[in-house]
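Here the structure is laid out as structure tokens; the discussion comes afterwards.
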Amino acid sequence: MTPSARRRPIITLTTDFGTRDHYVAAVKGALLSMASDLRIVDVTHEIPAHDVAAGSWILRNAAAAFPPGTVHLAVVDPGVGTQRRPLAVVSAGRIFVGPDNGLFSFALDEDPAARVVCLTRVPAPPAGISAVFHARDLFAPAAARLATGADALSLGDPVSDPVRLPAAVAPVAPNGRLRMRVAHVDRFGNVVLDLPRAAGAAWMDGVSTARLIVPGAPVPLRCVSTYGEAPAGAPVLLWNSSGFLEIGVYLGRASDILGLRVGDFVEPQSR
Amino acid sequence: MTPSARRRPIITLTTDFGTRDHYVAAVKGALLSMASDLRIVDVTHEIPAHDVAAGSWILRNAAAAFPPGTVHLAVVDPGVGTQRRPLAVVSAGRIFVGPDNGLFSFALDEDPAARVVCLTRVPAPPAGISAVFHARDLFAPAAARLATGADALSLGDPVSDPVRLPAAVAPVAPNGRLRMRVAHVDRFGNVVLDLPRAAGAAWMDGVSTARLIVPGAPVPLRCVSTYGEAPAGAPVLLWNSSGFLEIGVYLGRASDILGLRVGDFVEPQSR
Amino acid sequence: MTPSARRRPIITLTTDFGTRDHYVAAVKGALLSMASDLRIVDVTHEIPAHDVAAGSWILRNAAAAFPPGTVHLAVVDPGVGTQRRPLAVVSAGRIFVGPDNGLFSFALDEDPAARVVCLTRVPAPPAGISAVFHARDLFAPAAARLATGADALSLGDPVSDPVRLPAAVAPVAPNGRLRMRVAHVDRFGNVVLDLPRAAGAAWMDGVSTARLIVPGAPVPLRCVSTYGEAPAGAPVLLWNSSGFLEIGVYLGRASDILGLRVGDFVEPQSR
């Protein structure tokens with residue numbers, strides 16, 4: 001099977017809007033008013049309110065699965081309507097649209113040739129731009145244009161200093177210790193650490209059980225490929241489907257069992 | 001960029017069905033069984049169960065963002081299967097389909113030339129019409145037909161007395177006092193009042209801080225254009241993206257801070 | 001109105017992934033990377049984690065509403081990456097794709113001629129198959145191929161012994177008593193029993209009020225066609241929109257009022 005000759009443009013949505021209000025639908029209405037053939041895919045609208053780092057993490061993991069040319073519209077935007085800049089980021093064949101607050105840091109990290117544009121020349125919709133709903137009135141019109149072929153530079157000027165979040169890669173401390181941070185806890189209670197597979201984990205080589213110091217005490221974690229390799233209830237360590245180190249529990253919630261939350265630190269116990 | 005020459009028909013869905021059950025999918029399956037080219041957009045399925053006024057408020061705000069010709073299927077329908085009438089409302093270029101219980105009051109208010117039709121001539125699906133699932137068996141078939149070009153009058157007869165909710169516009173009491181009602185509290189805790197911008201708010205003219213009497217005491221609210229103009233935690237007053245007066249708090253929840261819930265009343269303090 | 005000449009392929013999604021993480025979007029990205037013209041419909045992603053029986057129940061009820069040829073991708077998969085088999089089930093003109101753990105039992109029950117295939121020959125995506133995300137890397141590619149015309153047997157070999165759940169039909173005990181199980185409680189608190197209309201319910205014939213023994217005591221239930229036929233708060237008994245017996249309460253929650261939960265048993269009181 002080959003991809004269709006003419007691909008319909010795809011726009012994904014990642015927000016902290018929730019799904020109880022009319023906000024997501026209003027963004028979709030704005031998109032479809034501009035380009036009726038768009039394919040719109042929700043990533044999530046349940047980013048915790050104003051949590052830019054959480055939004056960035058989810059978007060990073062989702063974006064990897066979409067075909068080249070996809071436009072990712074992401075709005076976690078406590079500074080809406082203030083001086084914070086509206087951006088488009090062109091990175092590794094994808095286009096990201098949203099506020100300049102660090103949401104797209106990963107896309108800058110992933111592609112050194114990424115280009116960033118401040119969206120100052122997006123034509124306003126007939127009813128104007130609400131200072132509290134740039135997602136509908138500024139980002140959606142920009143995303144619709146970009147998805148249907150407009151060049152980012154037709155919508156604004158280059159920016160060289162976008163806001164960046166701290167890199168989501170576990171640092172090695174001066175004392176040589178690796179400090180891994182809990183980057184995400186998923187619906188199943190799986191605990192995702194900020195250690196990408198590419199960074200290596202020599203302390204896991206050749207061991208069937210690794211010991212991690214979670215706040216308080218060392219915990220033995222069986223090194224596996226999938227949850228079901230361990231008995232129910234036993235914590236395991238594996239590389240997850242996005243290439244990050246993850247602590248899981250077969251038929252259980254690792255986050256609850258180990259008392260781990262986003263932002264906690266975990267270290268390998270020296271052998 | 002111009003709109004596509006041939007627009008795919010759009011149907012939006014607003015219900016109190018939640019997203020845990022099969023109900024929403026069944027409605028979509030019914031729609032797609034009738035017309036495979038439909039574009040279906042969820043507004044929300046999290047209207048509180050049986051809360052017609054809440055559904056009407058969300059739909060009103062969402063519908064404004066969609067292009068002309070959109071069909072809005074809305075079902076908050078405690079009276080399903082009883083004598084309450086099934087309606088189509090054609091208002092300002094949009095079509096609304098759902099039960100006759102006030103869901104579409106705003107569409108009648110917004111367009112004095114709105115037409116209302118009782119859907120008595122919608123062909124039943126092969127398996128018949130379940131008395132407890134008109135959304136799937138009656139409203140979806142009607143919406144699919146209307147979205148693909150059928151005239152409302154081909155599906156039933158005109159109605160002159162649809163059920164109407166009280167108008168969602170803050171009334172001025174006989175004593176000259178404006179009583180604004182909390183119409184909605186959004187995901188961020190923003191408190192939306194039933195005062196449309198078009199109704200005017202002379203008491204806000206020329207002041208940088210307005211005082212509102214919330215239940216209990218007067219509260220000073222800085223008049224702003226966007227949340228971030230005020231320091232974190234300070235309540236502000238602004239015209240929201242749908243043109244209603246809103247109380248917000250930058251990086252906080254106004255509803256929690258001020259103890260306001262849907263149905264509460266708020267008054268401007270006389271100067 | 002006749003169905004479109006050329007129907008776009010439909011894929012529905014039923015999972016326990018929730019909507020907070022990137023998992024659902026990653027599956028959709030994988031699908032759209034394979035076939036950009038697919039129509040994707042969410043059934044639900046809120047199946048309780050690892051609850052295969054709950055997933056099977058929702059999928060069964062949803063699938064009935066979709067047109068022939070629809071592919072239903074369903075993943076409630078605690079055994080992901082272990083020896084459990086990946087399946088496609090072709091039943092009554094529909095195709096089901098997911099793990100071999102009983103999710104598709106109903107489809108085997110509904111069509112004695114159903115065919116089951118173990119998906120051993122699905123080409124892997126360029127980045128390989130993650131042992132913890134078969135939904136993205138194995139089931140989605142298989143579903144996209146099946147939706148766009150591939151034959152199931154091109155993707156694997158027939159299987160004669162798929163895992164089956166106990167049939168979801170209330171059994172008659174040796175003593176002649178009918179034991180109905182609560183199969184589902186919906187968002188409104190309606191209590192759905194595992195008694196299909198086709199199985200008959202002679203004990204309801206000719207009575208306006210039936211008595212059911214819920215745990216503890218007999219309860220009189222008015223036999224109705226729709227909720228609103230009874231006064232608010234009074235429990236009723238009706239055949240629901242999927243053809244199962246249901247206990248409801250007009251403007252109330254039957255599950256709370258009667259204290260019934262999934263798995264509880266209910267019997268008709270002998271007359």
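Remarks
- One residue stands out among those in region A:2-13 that are farther than 26 Å from B:Gly55 by Cβ and touching a Leu at 6+ places or on another chain (Cβ under 9 Å): the one that is farthest from the other protein chains (Cβ to nearest Cβ), which is A:Ile11.
- C:Ala170 within 13 Å of another protein chain (Cβ to nearest Cβ) and in a loop (DSSP other than H, G, I, E, B): no
- When C:Ala30, C:Ala62, C:Ala142, C:Ala107 are screened for being farther than 28 Å from B:Val41 by Cα and part of a helix (DSSP H, G or I), only C:Ala107 passes.
- With respect to the conditions (1) within 10 Å of chain B (Cβ to nearest Cβ); (2) touching a Gly at 6+ places or on another chain (Cβ under 8 Å); (3) among the hydrophobic types (A, V, I, L, M, F, W, C), A:Cys118 lacks only one, and its number is (1).
- Top-ranked residue of region B:225-265 - restricted to ones that are under 21 Å from B:Met204 (Cβ atoms) and of a type in the set (Asp, Glu), ranked as most open to solvent (accessible area, probe 1.4 Å): B:Glu229
- Only listed residue being of a type in the set (D, E, K, R) and either within 24 Å of C:Phe244 (Cα to Cα) or open to solvent by less than 40 Å² (accessible area, probe 1.4 Å) (or both), chosen from C:Arg84, C:Arg7: C:Arg84
- Condition met for C:Phe104 (of a type outside the set (Val, Ile, Thr) and in contact with a Gly (Cβ under 6 Å, 6 or more places away or on another chain)): no
- Residue match in region C:107-114 (condition: open to solvent by less than 10 Å² (accessible area, probe 1.4 Å), over 17 Å from B:Ala25 (Cα atoms) and in contact with a His (Cβ under 9 Å, 6 or more places away or on another chain)): yes
- Selected residue (criterion: most open to solvent (accessible area, probe 1.4 Å)) from residues of region A:177-213 that are of a type in the set (Lys, Arg) and in a strand (DSSP E or B): A:Arg211
- Residue among C:Thr82, C:Thr70 that alone is over 16 Å from the mean Cα position of the chain (by Cα) and not aliphatic (A, V, I, L, M): C:Thr82
- Among the residues of region C:65-74, the one identified as open to solvent by 30 Å² or more (accessible area, probe 1.4 Å) and either within 7 Å of another protein chain (Cβ to nearest Cβ) or not small (Gly, Ala, Ser) (or both) is C:Pro68.
- In region A:91-103, the count of residues that are in contact with a strand residue (DSSP E or B) (Cβ under 9 Å, 6 or more places away or on another chain), at pLDDT 95 or above, within 30 Å of C:Met34 (Cα to Cα) and open to solvent by 10 Å² or more (accessible area, probe 1.4 Å) is one or more.
- Flag if B:Pro220 is away from chain A (no Cβ under 14 Å) and either modelled with pLDDT under 95 or assigned to a strand (DSSP E or B) (or both): yes
- Residue in region C:124-132 that is in contact (Cβ under 8 Å) with a residue 12 or more places away in the chain, touching a His at 6+ places or on another chain (Cβ under 8 Å) and open to solvent by less than 30 Å² (accessible area, probe 1.4 Å) present: no
- Selection of region B:1-33 for residues being modelled with pLDDT under 95 and hydrophobic (A, V, I, L, M, F, W, C) yields B:Met1, B:Ala5.
- Some residue of region B:75-89 being away from chain C (no Cβ under 14 Å) and either in a helix (DSSP H, G or I) or modelled with pLDDT under 95 (or both): no
- A search for C-beta distances below 7 Å between a residue of region C:191-219 that is closer than 19 Å to C:Ala234 by Cβ and any residue that is among the aromatic types (Phe, Trp, Tyr) and not in a loop (DSSP other than H, G, I, E, B), counting only pairs 6+ apart in sequence or on different chains, returns C:Val192/C:Phe244; C:Leu193/C:Phe244; C:Ala210/C:Trp203.
- Candidate set: region C:133-143, residues that are among the aliphatic types (A, V, I, L, M) and closer than 21 Å to A:Glu229 by Cα; chosen: the one surrounded by the fewest Cβ atoms within 10 Å (Cβ to Cβ): C:Leu138
- Residue list for region A:223-247, filter: free of Cβ contacts under 8 Å to residues at least 24 places away in the same chain, assigned to a loop (DSSP other than H, G, I, E, B) and facing chain C (nearest Cβ under 8 Å): A:Ser225, A:Thr226, A:Ser241
Yes/no matrix, rows are residues, columns are (1) within 14 Å of chain A (Cβ to nearest Cβ); (2) open to solvent by 10 Å² or more (accessible area, probe 1.4 Å):
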| site | (1), (2) |
| --- | --- |
| C:Phe17 | yes, yes |
| C:Asp21 | yes, no |
| C:Lys28 | yes, yes |
| C:Ser33 | yes, yes |
| C:Ala49 | yes, yes |
| C:Ala54 | no, yes |
| C:Trp57 | no, yes |
| C:Arg60 | no, yes |
| C:Ala63 | no, no |
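- Filter result for A:Val159 (out of contact with any Phe, Trp or Tyr (no Cβ under 6 Å at 6 or more places or on another chain), at pLDDT below 95 and open to solvent by less than 70 Å² (accessible area, probe 1.4 Å)): no
The values are calculated or read from the model by the stated rules, or taken from the named source; none is laboratory data. All figures in this text were calculated on a predicted structure; none of them were measured in a lab. Every residue, glycine as well, gets a Cβ built from its backbone with ideal geometry; the counts of neighbours run over all protein chains shown. Protein only, heavy atoms only, side chains kept; ligands, DNA and RNA dropped before computing areas. Shrake-Rupley method; radii C 1.70, N 1.55, O 1.52, S 1.80 Å.
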